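Report on the following structure.
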Amino acid sequence: MHVVILGAPGSGKGTQSAEIIKKFSLKHLSTGDMLRAEIAAGSELGQAAKSVMDSGNLVSDDIILGMVANQLDDNDEGMLFDGFPRTLAQAEGLDKLLKEKNSEIKHVIQLDVDYEEIIERMLARGRADDNEATIRNRLDVYESQTAPLIDYYLKQNKLTTVLGDGSVATIFARIEKALTV
Ligand code: AMP
């Protein structure tokens, strides 16, 4: 079972992803983590991505799709895609990659959290790319480039919107219900 978790930056995707992969034995694929690993390794890709990430903009679809394609194995039974896809081109690219493996996305979970709540949470988190101007830019980028995926997956009948407020356990219970239907 392949699952996508969709939600604005700071909506709690990372926290819930950790719960989901444990419960459903999925392999976690976070493009944000992969990019940070490239930066830490000082690779050419990491160096190119760093300034884009620091500004809160998106790394190019070609780079992201290339990275993901390298991670997909023929024998992967279940993946959790976290922070990917973030654009329609990435979503279409992912569908194509999976189709080549006679596979497809089963469920898409959209974590729904109020933007003002997100800004508070992210300022409290204090990551390098988490100052207020960058956060607002990341939310704008989410709204214009990633939010259209909600419609894309609704049309495929794969989307469940989950309220992202409450405790980690409360939110996870909602997700678990959506994934077990
Ligand atoms: P994240 O940890 O998922 O919030 O990602 C941190 C940053 O990495 C984002 O603000 C983007 O600059 C970049 N990034 C991560 N995933 C993607 C993606 N799927 N497409 C484009 N850029 C990405």
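Looking at 178, 173, 133 in this structure, which one is in a helix (DSSP H, G or I), open to solvent by 60 Å² or more (accessible area, probe 1.4 Å) and of a type in the set (Gly, Ala, Ser)? Before you say what the answer is, go through the steps one by one.
Working: 178 fails: open to solvent by 60 Å² or more (accessible area, probe 1.4 Å); 173 fails: open to solvent by 60 Å² or more (accessible area, probe 1.4 Å).
Only one candidate qualifies: 133.
I'm trying to understand the selection: among the residues of the range 55-86, which are open to solvent by 40 Å² or more (accessible area, probe 1.4 Å), within 20 Å of residue 13 (Cβ to Cβ) and among the acidic types (Asp, Glu)?
61, the sole residue that qualifies.
For residue 120, indicate whether it is open to solvent by 40 Å² or more (accessible area, probe 1.4 Å), away from the ligand (no atom under 14 Å from the Cβ), of a type outside the set (Phe, Trp, Tyr) and assigned to a helix (DSSP H, G or I).
So residue 120 fits the description; yes.
Pairs only if they're at least six apart or on different chains, beta carbon under 8 angstrom, first in the range 83-97 and more than 7 Å from the ligand (Cβ to nearest atom) and among the small types (Gly, Ala, Ser), second open to solvent by less than 10 Å² (accessible area, probe 1.4 Å) and not in a helix (DSSP H, G or I); list them, first residue then second.
Listed by first residue and then by second, the contacts come to 91/85; 93/85.
Residue by residue through the range 15-35, note down the ones that are more than 15 Å from residue 86 (Cα to Cα), surrounded by fewer than 17 Cβ atoms within 10 Å (Cβ to Cβ) and within 13 Å of the ligand (Cβ to nearest atom). Outline the logic, then answer.
Step one: of the range 15-35, the residues more than 15 Å from residue 86 (Cα to Cα) are 15-28.
With surrounded by fewer than 17 Cβ atoms within 10 Å (Cβ to Cβ) added as a condition, the list becomes 15, 18-19, 22-25, 27-28.
Of everything in the range 15-35, those that are more than 15 Å from residue 86 (Cα to Cα), surrounded by fewer than 17 Cβ atoms within 10 Å (Cβ to Cβ) and within 13 Å of the ligand (Cβ to nearest atom) turn out to be 15, 28.
The values are calculated or read from the model by the stated rules, or taken from the named source; none is laboratory data. As the structure is a computational prediction, the values presented were derived from the model and not from experiment. With ideal geometry, Cβ positions are generated from the backbone for all residues, glycine too; neighbour counts draw on all protein chains shown. Quick note on the areas: whole protein, heavy atoms, side chains included, nothing else; ligands and nucleic acids left out. Shrake-Rupley method; radii C 1.70, N 1.55, O 1.52, S 1.80 Å.
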